[in-house]
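Here's the structure we're looking at; comments come further down.
The values are calculated or read from the model by the stated rules, or taken from the named source; none is laboratory data. All of these numbers come straight from a predicted model, not from anything done at the bench. Ideal geometry is used to build each Cβ from the backbone, glycine not excepted, and the neighbour counts take in all protein chains shown.
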């Protein structure tokens, strides 16, 4: 949502929709209202022929959940890893700079 007046545009949308810290704090609040105290967490990276390691957002989200008072039971990596590797982007000669 945005409003425009006096030739100035003010954006009132969620500015943190992709940030892990506020999202995990919201999740912790909702879990507490539902009576959930312990969590089993599954972390997923892009996988396939792209990166197979989770980014820095996963670690900060876990830290925020722990600071919010949630007990963390099991952390599982559910990144899809192919049994035969698919062909990466870039062609035969690779990425040329």
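Assorted remarks:
- Members of the range 21-52 found to be surrounded by fewer than 12 Cβ atoms within 10 Å (Cβ to Cβ), in contact (Cβ under 8 Å) with a residue 12 or more places away in the chain, closer than 15 Å to residue 79 by Cβ and more than 12 Å from the chain's Cα centre (by Cα), listed by number: none
- Considering only residues in the range 79-97 that are at pLDDT 85 or above and surrounded by 10 or more Cβ atoms within 10 Å (Cβ to Cβ), the one that is farthest from the chain's Cα centre (by Cα) turns out to be 82.
- Residue check, residue 72 farther than 30 Å from residue 91 by Cα, surrounded by 12 or more Cβ atoms within 10 Å (Cβ to Cβ) and under 11 Å from the mean Cα position of the chain (by Cα): no
- Filter result for the condition that a residue is in contact with a strand residue (DSSP E or B) (Cβ under 7 Å, 6 or more places away or on another chain) and either part of a strand (DSSP E or B) or at pLDDT 90 or above (or both), over 63, 74: 74
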